[in-house]
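Student: Structure provided below as structure tokens; questions to follow.
The values are calculated or read from the model by the stated rules, or taken from the named source; none is laboratory data. These figures come from a predicted structure and were not determined experimentally. Heads up, the Cβs are rebuilt from the backbone with ideal geometry, glycines too, and the neighbour counts pull from every protein chain shown.
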């Protein structure tokens, strides 16, 4: 016992070194940790676009070149020093690396994480270290639903809205939905997406029955059996939260056997693939972008600028992970500067930034983000869905019949978890 | 002499911990978790058995902690570690009846298959968070409930204690009749049988000990990472353990922990140096170890060392 | 004199091959028996059945009155029947000392798994016994040589020494002098018998060299075609018609013993 | 009824794929006693090589027929190159070392090659769908099947046939059998074991690369496809019995059919049906279906 007491004392001494706080003089650079997949299968579709967005946003912020309302240099005049690390590797590695970022490298804030598992694992550590952390792409609703967090934020809306919106959009296309199937990767993301979609349809189209529920292994690559199963079913739509590699493989293997002619495909994360697939993405496919991102984003100056610099630098238009990264950093900037303002331009402490971030409203490149749920730590925004169309003339992909759903139409209210909300029949949804 | 040295190191670590930056402390704690598994691997390794599925027991221990704290509301770290040890030991005892009959690559393959089955089950079980896994709430230590940075230290000290206990126990075992028959088993099972002792049961015992240690390692990991997920049972995790065993060599028990620490340091360094290519560095290190520093490889690579070590054991 | 080992109606078939049939032998305590016969005559099969490496298809094996038919080799060893092998079964990467020490330790503390895990390998008694055995078998001066590097004869002696650990009451030696030059054979046998002297161990040894048999056996079992065709004092047995026709005749143009067919993969 | 048909066809297609992927692994293990983890890298590099070839082909829009040829050539070249380099620079240094140590060498190789792959081709997936789409589909018993998949089954069949033919009839095949059965004796009888090793490793590497190449058009070729393949191939080979062509074939069929059945009848089981089957088989036949356990020698 005394040993522990002694330890505790020693620790207090140590903690006076105050790891992971933003303290410093106003102009000192802000050390910003960026965590994203640089290797492995998730690097291509999410990790690299995320990192790319971080690069150009930070560069331009430091150069003060970002359009209003983000024209100020860096964070409240302080330049940003990014440190980018790979998210690949076990959860244990991620937790270790997060500690290293905060405690060894003294990052003032960390923006990152694509894998929901990593987000769930890092959150408690962020709390323990009192380290300001913004998750940019992970989708699980569980983060703020299990216990309230103080230092963790997520500007990007969680995955529930993707599937609720998908359900709503599907019904605008197919009025009399009788039977539907789903093929989702056999891991949390796939399972949650399918659950939310099914629950949403239970409310919106009670008559519709679930036909086939397929959960192939993550990165299975070979979907012959699944495609047959879907071909032998008679469902009008096939829901899938597949992404990148698996998504493209599934599209090839299903269209080669004429599945798209039989049932409408719904890809909640389809936007990342459409530029790569071009004419190979079947027309009429329903496509989501986990927000009103990419081609569905409104034509605002900020968005125009973002697409411009991104395409100039990387040759392809930014996909939704890029938007997620951009809006996460910009949200942090907004919070930071709000806190700084309150302090008369002085450098805010972590807790002050946290206070400013809670419930904040700010403009992302594609939509207004409101940190409305999860005690003001979880952002909600509008979301858009569209139908894919290959424009032969210009040889570029298009989304037609785009419908934009307001945040409160597809997100649970602050006082409910996603599942409760869906099971109760989405009370209070305003569309 | 080696023992004295290691004890000194342990004592130093224990005292120095509070004054070290915490990222180092938790780095060491995680290394100890790995080290505990590797100590178990050494026992099997000496008998020429290399499991590519030790993650099975590692994950069992980790989930045992996570579940009993989540659903049974058990919070005491010591209790949780014991539960984990028993759970993993039990699993090892059960699968042991099967595994103990296999040797060489077939042993490796079967253990891999078993761990992948657990992986599949965990991924399927959405109530356990599937691949996202579940968080482990902070444990208490005999009623004392440190928080924040004190907690990191508490877990570290616990891990250190467990490491010492494991090291002592295993060295004791390795110098016992059953323990020192490793090389005889590798050399000539028929002769062992005709001396009147069952090779299968000797191996089974080794499996249970190794499994239990892996479970304890998993428990430590769960406590320090505060999160468990199915990847803990994936074959690459097992691969990592074997990797460390190679690095450390089977010659000495403390080496296991040193090896684990070195491994963690190399890994985290590579991530810092070459974010896009840390596997490349890791792989090269493993390769170079095998090719040019076989001493690190303990007895398996060069028979001579096997024999010298055996002298240490039997003579 | 009471019988320590009795074998009745023993038979072993591998598919259609009959490796041993209708073997009936009673072995009195302390006797030294030479087993002769051409290759594939069933000698090793006989030894393998008694030591539990093979399960007889028919018949009974009794040791000190208790039925041991079909028991595992390790149980039988524990009961007190030890064996050596045609090709010495030692631990190649251990030294002579370590080999013997392991044998002695298992004999002492290998009884139960728990005990084996608790008892230290280097208990005083074990070390004593090891030293004693090495000296008795005259291999003490090789103590630090790795078994893989030993000369054939020494390896054979080590193999037998290990078998005698824990003082078995019956010892079966499968061709103790195979692969050893004629002039050495006697020397080796002298060592073995000398080491066993005064222990009252009952010894059965398979041997091809009739001079060796004549010199060391006080009874001979002659095997032919899987069964015993002659059983008695060397003089008688070797004088037997069929023995001379089938065995002693045959042994003249015998090359070094290889066994294939009936006796299974006799060469380790 | 149609489900039964589907299970059968899907099972066959998947089995064909597994066989092509696994046979190289099985061969290398059988002959060299090396459990070659880097086989996954052969697969991945083969896939990338083919994808690149197809890409070039498609840009120039050359005749589609040639595309199949191009991808095969690319894969074989890649296999030969890798096989030769790895064998020369690395494996021969560890011959004779403990089996498990060699496994770890290949594991290290695999880790390294995973990143080398990214350095060469980047993290973006490569698309090579042209051959797959071009092949089109036929309707069999109301079920549309991809002609490319059918082709895959044919290729696998031919491969199996020629492999077993080569093993039984050609001199090299006989040498292999000799080495597989008893390396020492073979060497004693003057078989140049190390030459046999080189050839075997090359063949194995080429087969691995071909497996990747044949898969490339069906998938988006992304980093990490190798990892998935390794364990699958292991399962197949373990079920069939290491180093046996028939074994690989039967193992592939078993896994393929079980998986297809699972997908259609009990999707919940799909994830671990393969490992369950593997464990089960190993319990009943410790050394796989087509390996006779060596009798214990005394």
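Student: Exactly one condition in (1) surrounded by fewer than 18 Cβ atoms within 10 Å (Cβ to Cβ); (2) closer than 26 Å to residue A:275 by Cα; (3) out of contact with any strand residue (DSSP E or B) (no Cβ under 9 Å at 6 or more places or on another chain) is false for residue A:203; which is it?
Tutor: Answer for residue A:203: the failing condition is (2).
Student: Taking only region A:70-114 into account, find how many residues are closer than 24 Å to residue A:147 by Cβ, facing another protein chain (nearest Cβ under 8 Å) and part of a loop (DSSP other than H, G, I, E, B).
Tutor: 1
Student: Next up: Would you confirm whether any residue within region A:297-304 is crowded, with 19+ Cβ neighbours inside 10 Å and in a helix (DSSP H, G or I)? So that I can check it myself, show each step before the final result.
Tutor: The first filter runs over region A:297-304 and keeps only residues crowded, with 19+ Cβ neighbours inside 10 Å, leaving A:297, A:302-303.
If we keep only those that are in a helix (DSSP H, G or I) too, we end up with A:302-303.
Yes: one or more hits.
Student: Conditions: (1) more than 30 Å from residue D:191 (Cβ to Cβ); (2) buried (at least 18 other Cβ atoms within 10 Å of the Cβ); (3) without any contact (Cβ under 8 Å) to a residue 12 or more places away in the chain. Residue D:122 meets all but one. Number of the miss?
Tutor: The failed condition is (2).
Student: Among the residues of region D:196-206, write down those that are buried (at least 24 other Cβ atoms within 10 Å of the Cβ) and either farther than 11 Å from residue D:77 by Cα or in contact with a strand residue (DSSP E or B) (Cβ under 7 Å, 6 or more places away or on another chain) (or both).
Tutor: First, pick out the residues of region D:196-206 that are buried (at least 24 other Cβ atoms within 10 Å of the Cβ): D:200-201, D:204-205.
Once the filter is applied, which keeps residues that are buried (at least 24 other Cβ atoms within 10 Å of the Cβ) and either farther than 11 Å from residue D:77 by Cα or in contact with a strand residue (DSSP E or B) (Cβ under 7 Å, 6 or more places away or on another chain) (or both), region D:196-206 yields D:200, D:201, D:204.
Student: Sticking with this one: Among the residues of region B:131-148, is there at least one that is surrounded by fewer than 20 Cβ atoms within 10 Å (Cβ to Cβ), free of Cβ contacts under 8 Å to residues at least 24 places away in the same chain, closer than 30 Å to residue A:184 by Cβ and in contact with a helix residue (DSSP H, G or I) (Cβ under 6 Å, 6 or more places away or on another chain)?
Tutor: No, region B:131-148 contains no residue that is surrounded by fewer than 20 Cβ atoms within 10 Å (Cβ to Cβ), free of Cβ contacts under 8 Å to residues at least 24 places away in the same chain, closer than 30 Å to residue A:184 by Cβ and in contact with a helix residue (DSSP H, G or I) (Cβ under 6 Å, 6 or more places away or on another chain).
Student: Residues to consider are A:45, A:41, A:67, A:49; find the one that is away from chain B (no Cβ under 14 Å), modelled with pLDDT under 90 and more than 21 Å from residue A:353 (Cβ to Cβ).
Tutor: Values: A:41 fails: away from chain B (no Cβ under 14 Å); A:67 fails: modelled with pLDDT under 90; A:49 fails: modelled with pLDDT under 90.
Testing whether each residue is away from chain B (no Cβ under 14 Å), modelled with pLDDT under 90 and more than 21 Å from residue A:353 (Cβ to Cβ) leaves just A:45.
Student: Quick one: which residue in C:75, C:67 is within 10 Å of chain B (Cβ to nearest Cβ), under 23 Å from residue C:200 (Cα atoms) and surrounded by fewer than 18 Cβ atoms within 10 Å (Cβ to Cβ)? Outline the logic, then answer.
Tutor: Details: C:67 fails: within 10 Å of chain B (Cβ to nearest Cβ).
The conditions single out C:75.
Student: Take the residues in region A:365-387 that are touching a residue at least 60 places away in the same chain (Cβ under 8 Å) and not in a strand (DSSP E or B), then tell me which one is nearest to residue A:135 (Cα to Cα).
Tutor: Of all residues in region A:365-387, those touching a residue at least 60 places away in the same chain (Cβ under 8 Å) come to A:365-367, A:369, A:371, A:373-375, A:377-387.
Filter once more, keeping what is not in a strand (DSSP E or B): A:365-367, A:374-375, A:377, A:381-382.
Numbers: A:365: 17, A:366: 18, A:367: 18, A:374: 13, A:375: 16, A:377: 10, A:381: 16, A:382: 19 Å.
Residue satisfying both the conditions and the ranking: A:377.
Student: For residue D:204, only one of the following conditions fails: (1) touching a helix residue (DSSP H, G or I) at 6+ places or on another chain (Cβ under 7 Å); (2) in a helix (DSSP H, G or I); (3) within 14 Å of chain A (Cβ to nearest Cβ); (4) within 28 Å of residue B:53 (Cα to Cα). What is its number?
Tutor: Of everything listed in (1) touching a helix residue (DSSP H, G or I) at 6+ places or on another chain (Cβ under 7 Å); (2) in a helix (DSSP H, G or I); (3) within 14 Å of chain A (Cβ to nearest Cβ); (4) within 28 Å of residue B:53 (Cα to Cα), residue D:204 misses just condition (3).
Student: Among the residues of region D:222-263, count how many are within 8 Å of chain A (Cβ to nearest Cβ) and buried (at least 24 other Cβ atoms within 10 Å of the Cβ).
Tutor: 6
Student: Then there's this: Answer yes or no as to whether residue C:61 is within 17 Å of the chain's Cα centre (by Cα) and under 23 Å from residue C:232 (Cα atoms).
Tutor: Considered against the rule, which asks whether it is within 17 Å of the chain's Cα centre (by Cα) and under 23 Å from residue C:232 (Cα atoms), residue C:61 comes out as yes.
Student: When you look at residue A:185, is it outside the structural domain of residue A:43 (by TED's automatic domain parsing), part of a loop (DSSP other than H, G, I, E, B) and farther than 24 Å from residue D:149 by Cβ, yes or no? Walk me through it before giving the result.
Tutor: Details: outside the structural domain of residue A:43 (by TED's automatic domain parsing): yes; part of a loop (DSSP other than H, G, I, E, B): yes; farther than 24 Å from residue D:149 by Cβ: no.
Criteria not met by residue A:185.
Student: Check whether at least one residue in region B:63-78 is surrounded by fewer than 24 Cβ atoms within 10 Å (Cβ to Cβ), modelled with pLDDT under 90 and within 14 Å of chain D (Cβ to nearest Cβ), and report yes or no.
Tutor: No.
Student: Anything in region C:137-154 that is away from chain B (no Cβ under 12 Å) and in a helix (DSSP H, G or I)? List them, or say none.
Tutor: C:140, C:141, C:142, C:152, C:153, C:154 - these are the residues of region C:137-154 that are away from chain B (no Cβ under 12 Å) and in a helix (DSSP H, G or I).
Student: Take residue A:79 and decide whether it is within 30 Å of residue D:225 (Cα to Cα), touching a residue at least 12 places away in the same chain (Cβ under 8 Å), surrounded by fewer than 21 Cβ atoms within 10 Å (Cβ to Cβ) and touching a helix residue (DSSP H, G or I) at 6+ places or on another chain (Cβ under 8 Å).
Tutor: Numbers: within 30 Å of residue D:225 (Cα to Cα): no; touching a residue at least 12 places away in the same chain (Cβ under 8 Å): yes; surrounded by fewer than 21 Cβ atoms within 10 Å (Cβ to Cβ): yes; touching a helix residue (DSSP H, G or I) at 6+ places or on another chain (Cβ under 8 Å): yes.
No; evaluated as a whole, the condition is false for this residue.
Student: Within region A:226-247, is there a residue that is assigned to a helix (DSSP H, G or I), in contact (Cβ under 8 Å) with a residue 40 or more places away in the chain, buried (at least 24 other Cβ atoms within 10 Å of the Cβ) and out of contact with any strand residue (DSSP E or B) (no Cβ under 7 Å at 6 or more places or on another chain)?
Tutor: yes
Student: Within the bounds of region C:173-183, is there any residue that is in a helix (DSSP H, G or I) and surrounded by fewer than 23 Cβ atoms within 10 Å (Cβ to Cβ)? Spell out the reasoning first.
Tutor: Of all residues in region C:173-183, those in a helix (DSSP H, G or I) come to C:182-183.
Of the ones still in play, those that are also surrounded by fewer than 23 Cβ atoms within 10 Å (Cβ to Cβ) are C:182-183.
Yes.
Student: Take the residues of region A:119-136 that are touching a residue at least 60 places away in the same chain (Cβ under 8 Å) and more than 14 Å from residue A:332 (Cβ to Cβ): which is surrounded by the fewest Cβ atoms within 10 Å (Cβ to Cβ)?
Tutor: If we take residues in region A:119-136 being touching a residue at least 60 places away in the same chain (Cβ under 8 Å) and more than 14 Å from residue A:332 (Cβ to Cβ), then A:130 is surrounded by the fewest Cβ atoms within 10 Å (Cβ to Cβ).
Student: Output the number of residues of region B:1-33 satisfying the condition of being facing another protein chain (nearest Cβ under 10 Å) and not in a helix (DSSP H, G or I).
Tutor: The total comes to 2.
Student: Follow-up. Scan region C:14-27 and tell me whether some residue there is within 14 Å of chain B (Cβ to nearest Cβ) and over 24 Å from residue C:216 (Cβ atoms).
Tutor: Keep residues of region C:14-27 that are within 14 Å of chain B (Cβ to nearest Cβ), which gives none.
The answer is no, given that none of the residues of region C:14-27 is within 14 Å of chain B (Cβ to nearest Cβ) and over 24 Å from residue C:216 (Cβ atoms).
Student: Right, another one. What are the residues in region D:260-275 that are more than 19 Å from residue D:26 (Cβ to Cβ) and in contact with a helix residue (DSSP H, G or I) (Cβ under 6 Å, 6 or more places away or on another chain), if any?
Tutor: D:260, D:261, D:262, D:263, D:264, D:269, D:270, D:271, D:272, D:273
Student: Let me confirm something: among B:255, B:260, B:210, B:214, which residue is away from chain A (no Cβ under 11 Å), within 20 Å of residue B:159 (Cβ to Cβ), without any contact (Cβ under 8 Å) to a residue 60 or more places away in the chain and in a helix (DSSP H, G or I)?
Tutor: On the way: B:260 fails: without any contact (Cβ under 8 Å) to a residue 60 or more places away in the chain; B:210 fails: without any contact (Cβ under 8 Å) to a residue 60 or more places away in the chain; B:214 fails: without any contact (Cβ under 8 Å) to a residue 60 or more places away in the chain.
Testing whether each residue is away from chain A (no Cβ under 11 Å), within 20 Å of residue B:159 (Cβ to Cβ), without any contact (Cβ under 8 Å) to a residue 60 or more places away in the chain and in a helix (DSSP H, G or I) leaves just B:255.
Student: Return only the number of the condition from (1) closer than 18 Å to residue A:402 by Cβ; (2) within 14 Å of chain D (Cβ to nearest Cβ); (3) in contact with a strand residue (DSSP E or B) (Cβ under 9 Å, 6 or more places away or on another chain) that residue A:216 does not satisfy.
Tutor: That leaves (1) as the condition not met.
Student: Condition first: in contact (Cβ under 8 Å) with a residue 40 or more places away in the chain and within 15 Å of residue C:91 (Cβ to Cβ). Now tell me which residues in region C:134-155 satisfy that.
Tutor: C:139, C:142, C:143, C:144, C:145, C:146, C:147, C:148, C:150, C:154, C:155
Student: Further, regarding this structure: Exactly one condition in (1) more than 7 Å from chain B (Cβ to nearest Cβ); (2) more than 13 Å from the chain's Cα centre (by Cα); (3) at pLDDT below 90 is not met by residue C:99; state its number.
Tutor: Status for residue C:99: all satisfied but (3).
Student: Considering every residue within region C:120-136, establish whether at least one is surrounded by 17 or more Cβ atoms within 10 Å (Cβ to Cβ), at positive phi and either more than 9 Å from chain B (Cβ to nearest Cβ) or outside any helix (DSSP H, G or I) (or both).
Tutor: There is no residue in region C:120-136 that is surrounded by 17 or more Cβ atoms within 10 Å (Cβ to Cβ), at positive phi and either more than 9 Å from chain B (Cβ to nearest Cβ) or outside any helix (DSSP H, G or I) (or both).
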